[in-house]
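The values are calculated or read from the model by the stated rules, or taken from the named source; none is laboratory data. Computed from a predicted model, the values in this text were never measured in an experiment. So basically every Cβ, Gly included, is an ideal-geometry build from the backbone, and we count neighbours across all protein chains shown. All accessible areas refer to the heavy atoms of the entire protein, side chains included, with ligands and DNA or RNA removed. Shrake-Rupley method; radii C 1.70, N 1.55, O 1.52, S 1.80 Å.
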Amino acid sequence: MSKVVCGLADIKKNSDYIVEITGMNHEGQGVGRIDNFAVFVEGATTGELVEIKLIKVAKNYGVGKLLKILRPSPSRTSPFCSAYKRCGGCSLQHIDYKAQLEYKTDLVRETVRRIGKLEDVLVHDTIGMERALNYRNKAQYPVASVKGEVVIGFYAKRSHDVIPSDECGIQDKTSNRVREIVRDFIIKNGISVYDETKGEGLVRHLMTRKGFRTGEVMVVIVINGKGLPEKQKLVEALTSNIKEVKSIMLNINTKNTNVILGEKNIKIYGSDTITDYIGKFKFDISPLSFFQVNPVQTEVLYNKALEYAGLTGKETVFDLYCGIGTISLFLSEKAKKVYGVEVVEAAVLDARKNARLNGVTNVEFMVGEAEKVVPDIYSRGVTADVVVVDPPRKGCDASLLETLVNMRPERIVYVSCNPSTLARDLGYLAEKGYRAVEVQPVDMFPHTAHVESCVLITRDEK
Ligand code: SAH
């Protein structure tokens, strides 16, 4: 087997190399070079010298499997999950939290410069969590039979093999307890579990949701059938062991699909929804409703959006890609009127319900694509002083940005989950007289490579 020190190499698949890791890519993989050939190495971090096996050679890059760390980084730390190497959920557990936050800040800074071609934007340090563990309020565990044993765990990286896990460190602790109880119930009562390849067996997934502020817990058993035998025993086991359980639902999913939830829910205990708060606003959460998974950091991010919106009470605001209207509610207190636009009808129905629940009357929600709805209402004379956008990973549609530029709002607040498309859109807006002034990255998903950002963009000339 050849072992070649970086700098003198032929590029050969399945050969071993020693590589200096000089940076990290947007997926959190270490980046090194063999001569000028870039290689990505999962589990390696900046400043490390590592031995790798080159397992993939593509045209412009290669992928290395980490064999040995010859010189570890001072920020290297032991992952807190036993399943870390096999589970695909987190990718940064091998570096300490401070280094994770620095990585996210650097990623946003670099991307804004490189893709957006913007040199003078102030990118603040990423706001992290005080306690970056057990932060998720929603868990979805696949249920399977592995070598005759019932396993409720996680899909292994890039596969549908279900692996057991003692405890997931980023999930709320209650979900780990629920998992044990449900597994016990399935085994004791001989309930069948779903086999994906055959499309047979009853229990497919376990989902838990928790209101962090209220403590209320919802348990959802996703089944491939009409009902759950011995369901009273499950209700009894869950409610006697975990007093916070307020709702137990069956969700029916008989389709051969990767989509976890079906459309129909049957309540077997308690209420149909649980309640939680973000900031002062209250939300009813059902099995299917969208709700941010890290409510603590969501509040930080949305307060930043509100601050950047700079409202005085006189403004008309558009909240585009508004989901269930959380940002709209935050804005409503300080704005004259808020229009929310969202393409998923169910989310808009929830948004309207949430507004009613909170007694908010100056918001109006519309169903449709932002790039169609905004030109339409603008042509009918509705304009905004401030626009907030919170698009999915692909960013804003170019035609939407064009309409916004023509409408000439004073400021645009851009909430983004993808630095690359954010930088592209900021670049476009800069050419049209809308300058990105400051960027605040917020860590919504500690130990993963995801980073959210909130950007203040103002109109150059008055
Ligand atoms: N701000 C929201 C979350 C936004 S996530 C909240 O606080 O809950 C992005 C949202 O954009 C999703 O709800 C998605 O359904 C919606 N979306 C995707 N493409 C869209 C489009 N072209 N027009 C409007 N909404 C869109």
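Cross-link partners of Lys53 among lysines, defined as those whose alpha carbon lies under 28 angstrom from its own and excluding same-chain residues fewer than eight positions apart: Lys3, Lys12, Lys13, Lys65, Lys68, Lys85, Lys104, Lys157.
Between Val344, Ser420, Ser332, the Cα set farthest toward the positive side of the dipole of the stretch 314-462 (charges on each charged residue's Cβ, about the Cα centre) is that of Ser332.
Straight-distance candidates among the lysines for linking to Lys336, with alpha-carbon spacing under 28 Å and chain neighbours fewer than 8 residues away dropped: Lys280, Lys282, Lys304, Lys314, Lys353, Lys372, Lys432, Lys462. Peptides 197-204, 426-433 ranked from most to least packed, by the mean per-residue count of other Cβ atoms within 10 Å: 426-433, 197-204.
Give me Rg/Rg_expected for the stretch 3-71, where Rg uses Cα atoms only and Rg_expected = 2.2 N^0.38 Å with N residues. Intermediate results must be reported in sequence, preceding the final value.
On the way: Rg = 10.2 Å, N = 69, 2.2 N^0.38 = 11.0 Å.
So the stretch 3-71 has a normalised radius of gyration of 0.93.
Using the Cα gyration tensor of the stretch 215-276, with a ≥ b ≥ c the square roots of its eigenvalues, what is the shape: rounded (a/c below 1.5), prolate (a/b larger than b/c) or oblate (neither)? Don't skip to the answer; put the middle values down first.
On the way: a/c = 2.47, a/b = 1.51, b/c = 1.63.
Since a/c reaches 1.5 but b/c is at least a/b, the shape of the stretch 215-276 is classed as oblate.
Note on Asp272 and Val360: with the Förster distance fixed at 30 Å, the Cβ-Cβ geometry gives a FRET efficiency of about 0.85. Taking all protein chains as shown and a probe of 1.4 angstrom, His124 keeps an accessible surface of around 60 Å².
Of the DSSP H helices in the chain, those that are both long (alpha-carbon extent of 20 Å or more along the helix axis) and hydrophobic (Kyte-Doolittle mean at least -1.0) are 173-188, 295-309.
Extension gain Glu263-Ser82, at 0.36 nm per residue separation less the Cα-Cα distance, in nm? Before the final figure, lay out the partial values.
Details: separation 181, 0.36 × 181 = 65.16 nm, distance 3.43 nm.
Once the chain is fully extended between Glu263 and Ser82, it gains 61.7 nm.
Could you give the length gained by full extension between Asp460 and Val367, i.e. 0.36 nm per residue of separation minus their alpha carbon distance, to one decimal place? 30.3 nm is the gain from fully extending Asp460 to Val367.
Along its first, second and third principal axes, ordered by size, the chain spans 69, 67, 38 Å in Cα coordinates. Residues of the stretch 130-163 with an amide N closer than 18 Å to a point placed 7 Å from the Cα of Asn241 along the Cα-to-Cβ direction: 139-144, 150-154. Between Glu345 and Asp125, the distance separating the two model label sites (each 7 Å from Cα on the Cα→Cβ line) works out to 4.9 nm. Net length available on complete extension from Gln232 to Lys98 is 43.6 nm, with 0.36 nm assigned per residue and the Cα-Cα distance removed. Please compute the net charge surrounding Gly116, taking Lys and Arg as +1 and Asp and Glu as -1 over other residues with Cβ under 14 Å from its Cβ. That sum, taken over residues with Cβ under 14 Å, equals +1. The listed residues Asp166, Asp35 rank as Asp166, Asp35 when sorted by accessible area, largest first, using a 1.4 Å probe. A straight line joining the Cα centroids of the stretch 404-462 and the stretch 104-178 runs 24 Å. The separation of the stretch 222-269 from the stretch 347-396, counted between C-alpha centres, amounts to 34 Å. Restricting the stretch 279-353 to trypsin sites (Lys or Arg not before Pro) that sit in a DSSP loop and have at most 15 other Cβ atoms within 10 Å of their own Cβ leaves Lys280, Lys314, Lys336.
Straight-line cross-link partners of Lys59 among the aspartates and glutamates, defined as a Cα under 20 Å from its Cα and at least 8 positions apart when in the same chain: Asp10, Asp16, Glu27, Asp35, Glu42. Spacing of the modelled spin labels on Val437 and Asp195, each 7 Å from Cα toward Cβ, amounts to 6.3 nm. For Ser420, the solvent-accessible surface with a 1.4 Å probe is about 50 Å², rounded to the nearest 10.
Taking the Cβ of Leu331 as the center, what net charge do the other residues with Cβ under 12 Å away carry, scoring Lys and Arg +1 and Asp and Glu -1? Can you show the working numbers first?
On the way: positive: Lys334, Lys336, Lys337; negative: Glu307, Glu315, Asp319, Glu333, Asp385, Asp390.
Charge balance near Leu331 sits at -3.
Among the listed pairs Lys210/Lys233; Lys56/Lys210; Lys147/Lys173, which have their C-alpha atoms separated by more than 30 angstrom in this model? Cα-Cα > 30 Å for Lys56/Lys210; rest within.
Overall shape: oblate for the stretch 356-422, with the ratio a/c of the largest to smallest alpha carbon gyration tensor axis at 1.5 or above and b/c at least equal to a/b.
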